[in-house]
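Input: a single structure, listed below in C-alpha cells.
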Amino acid sequence: MSGRHSDAAYWLGEALAVPGAEPTPDRDCAHAIHLINRVITRPETTADDQARIRELADRLLTYPQLPGPYGALTALPLAFLQEEKTTLALTEHLADGDDMWLSGLARMFRAQSAENSGELDGMRADVEAALACFRQVGDRWGQATALPMRAQLRQYDGDLDGALADLHEARSLAGEFGPVSLDDEVFSDLRWIDLRLRRGDTDRAIAVIESARERALRASAPEMPALVDAWEAAFRVRLGDLDRARDLLDDAERRLGGDITFPGAHARTLTDGVRASLCLETGDLTGAEKALEKAYAAALETRDLPILSVVAVSTAALAEAYGRHHESAVLLGAASRLRGAHDRTDPQVRELTRRGRAALGEEAFAAAYGKGWALDGRTAVTEVDPARLRREPG
C-alpha cells in the first residue's frame with residue numbers, strides 16, 4: 001500500500017517459501033498479489049513465471065469464493081499479466097455480490113481496466129456504481145480513489161468545473177485519512193497539473209509542478225522524478241521555453257535509463273513524445289520522427305490505450321508539419337478512438353483541430369477525423385504507428 005513494491009515482493013516471497021503448505025484460497029491470493037509486485041519491479045516474466053501464472057489462474061477459478069478483499073485484489077495482478085478471462089470472472093462475481101465494499105472495489109478495478117482499453121461507456125457505469133457503493137458504506141478511501149476517475153471523464157466531456165469539483169472532493173476526503181504513499185500523491189499532482197493547464201491557470205500549474213517534484217524525489221519509485229520532468233517539459237515546450245524543456249528532457253532520460261517497468265514505460269512514452277514536440281518546434285522533423293517511433297514502442301509496452309493516444313496526437317502534429325493535413329485529421333480521430341473520447345479541452349488537440357479545419361475546410365476535416373474515429377481499437381493501434389508516415393509518403 002505504501003508503494004514499496006520491491007519490499008512487498010521480497011517479504012511475500014519469504015512467506016510463500018515456507019515449506020509444507022498446501023494450496024488454499026488465502027495462499028493462492030497471496031501468490032497473485034506477490035505476482036503484481038514482481039511484474040512492477042521486473043521488466044519481463046520468464047516462461048516459468050508464465051506457467052505458474054496460468055496454473056494459479058486456473059486454480060483460482062475453481063474456488064467457490066475468495067477470502068475477504070483479497071479476491072478483488074487478486075483480479076488486478078492477473079489483469080496486468082494478461083489473464084483477462086480469470087480477471088473478468090473474479091470481478092463479475094464480486095461486483096454482483098452482496099458485500100457493498102467488495103462490489104465497489106471490483107467495479108473500480110473494472111473501470112480502470114475499461115479506461116486502459118478505451119472503453120469509456122463501461123468505465124462510466126462502473127465509476128458511478130463504485131462511488132455509490134463506497135458512499136453507502138462510508139468508505140472515504142474508495143471515494144477518494146474513484147472521484148479522480150470521474151474527474152477524468154468530466155475532462156473528456158468538457159466539464160472542467162465538474163472535474164475540478166471532483167478533485168477537490170477527493171483531496172478533502174484523502175486529507176481525512178492521510179496519504180497512502182508519495183507515489184499516489186505524485187499521480188494526484190499530475191492530475192491537478194493537467195486540469196490547471198486545461199483551464200488556462202498557468203501560475204497554479206507551475207506551483208503544483210514544484211510540489212510534485214519535491215514529492216517525486218522522496219517517492220519509492222525512482223522513475224517518478226522523470227515523470228514530473230517530462231510533464232514540465234511538455235508545459236515548457238507549449239510556453240516556448242525550449243532551453244528549459246531540453247534540460248528537463250535530458251534529466252528525465254538520464255533518470256530512466258533502460259527501465260520499462262511501471263511507471264517507467266509510461267514515463268519513457270511521455271519523455272520521447274515531448275522530445276518529438278521539441279524537435280517539431282525547432283524544425284527537426286527527422287528527430288521528431290525518431291522520437292515518436294521510440295514513444296510508440298514504449299506505449300505498446302504499457303498496454304494502456306490512453307497513453308498510446310498521446311503518441312497518436314503527437315504523430316498527427318508530425319503529419320501536419322509534413323503538410324499532410326488529411327492524415328493528421330485521421331490520426332486525431334484514431335487518437336480519440338484509442339482513448340474512447342473526443343478530448344476537446346486538451347490544448348494540443350484543440351490547436352491541431354483548429355489548424356486542420358483551416359487547411360482542409362470544415363467538411364473535409366470532419367470526414368477525415370471521422371474515418372479515424374470509426375476504426376476499431378486494434379486497427380487504430382496500427383494506424384497511429386509513426387513509422388507509417390515514412391512508409392507511406394504523402
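Hey, could you check the range 272-297 for residues that are of a type in the set (A, V, I, L, M) and buried (at least 24 other Cβ atoms within 10 Å of the Cβ) and say which is nearest to Gly118 (Cα to Cα)?
Ala295
Take the residues in the range 272-326 that are part of a loop (DSSP other than H, G, I, E, B) and hydroxyl-bearing (Ser, Thr, Tyr); name whichever of them is nearest to Thr353 (Cα to Cα). It would help to see each step written out before you state the result.
Step one: filter the range 272-326 for residues part of a loop (DSSP other than H, G, I, E, B), giving 282-284, 303-304, 322-324.
If we keep only those that are hydroxyl-bearing (Ser, Thr, Tyr) as well, we get 282, 322.
On the way: Thr282: 21, Tyr322: 16 Å.
The qualifying residue nearest to Thr353 (Cα to Cα) is Tyr322.
Identify all residues within the range 119-155 that are touching a residue at least 40 places away in the same chain (Cβ under 8 Å) and not in a helix (DSSP H, G or I); write none if there are none.
Residue satisfying the conditions is Glu119 alone.
Considering only residues that are assigned to a helix (DSSP H, G or I) and either of a type in the set (Ser, Thr, Tyr) or surrounded by fewer than 24 Cβ atoms within 10 Å (Cβ to Cβ) (or both), which ones fall in the range 220-229?
The one that is assigned to a helix (DSSP H, G or I) and either of a type in the set (Ser, Thr, Tyr) or surrounded by fewer than 24 Cβ atoms within 10 Å (Cβ to Cβ) (or both): Pro225.
I'd like the full set of residues that are surrounded by 24 or more Cβ atoms within 10 Å (Cβ to Cβ) and among the hydrophobic types (A, V, I, L, M, F, W, C), limited to the range 331-344.
Leu331, Leu332, Ala334, Ala335, Leu338
Out of Leu217, Leu197, Leu239, report the one residue that is among the hydrophobic types (A, V, I, L, M, F, W, C), surrounded by fewer than 23 Cβ atoms within 10 Å (Cβ to Cβ) and at pLDDT below 90.
On the way: Leu197 fails: at pLDDT below 90; Leu239 fails: at pLDDT below 90.
Result of the check over Leu217, Leu197, Leu239: Leu217.
Kindly indicate which of Tyr10, Tyr63 is modelled with pLDDT of 65 or more and part of a loop (DSSP other than H, G, I, E, B).
Details: Tyr10 fails: part of a loop (DSSP other than H, G, I, E, B).
Every option except Tyr63 fails the conditions.
Do you know which residues across the range 347-361 are of a type outside the set (S, T, N, Q) and in a helix (DSSP H, G or I)?
Correct list: Pro347, Val349, Arg350, Glu351, Leu352, Arg354, Arg355, Gly356, Arg357, Ala358, Ala359, Leu360.
So, in the range 141-156, exactly how many residues are modelled with pLDDT under 95 and among the charged types (D, E, K, R)?
Here the count works out to 0.
Among the residues in the range 96-103, are any at pLDDT 70 or above and under 30 Å from Met224 (Cβ atoms)?
Checked the range 96-103: at least one residue is at pLDDT 70 or above and under 30 Å from Met224 (Cβ atoms).
Kindly evaluate Phe177 against the criterion of being aromatic (Phe, Trp, Tyr) and over 18 Å from the mean Cα position of the chain (by Cα).
Here the answer is yes, as Phe177 does meet what is asked.
What residue, among those in the range 362-382 that are charged (D, E, K, R) and part of a helix (DSSP H, G or I), is nearest to Leu120 (Cα to Cα)?
So the residue we want is Arg378.
Checking Arg388 against (1) modelled with pLDDT under 95; (2) touching a Phe, Trp or Tyr at 6+ places or on another chain (Cβ under 9 Å), only one condition comes out false. Which one?
(2)
For the range 148-162, name all the residues that are under 13 Å from Val127 (Cβ atoms), among the hydrophobic types (A, V, I, L, M, F, W, C) and touching a Lys or Arg at 6+ places or on another chain (Cβ under 9 Å).
Ala151, Leu153
So, in the range 156-189, of the ones that are free of Cβ contacts under 8 Å to residues at least 24 places away in the same chain and touching a helix residue (DSSP H, G or I) at 6+ places or on another chain (Cβ under 6 Å), which residue ends up farthest from Val349 (Cα to Cα)?
Pro179
Criterion first (among the acidic types (Asp, Glu), in a helix (DSSP H, G or I) and farther than 24 Å from Leu35 by Cβ) does Asp161 satisfy it?
Working: among the acidic types (Asp, Glu): yes; in a helix (DSSP H, G or I): yes; farther than 24 Å from Leu35 by Cβ: yes.
Against the criterion (among the acidic types (Asp, Glu), in a helix (DSSP H, G or I) and farther than 24 Å from Leu35 by Cβ), Asp161 qualifies.
The values are calculated or read from the model by the stated rules, or taken from the named source; none is laboratory data. The shown structure was predicted, so the numbers you read here are calculated from the model rather than taken from an experiment. Backbone-built Cβ (ideal geometry, glycine too); neighbour counts: all protein chains shown.
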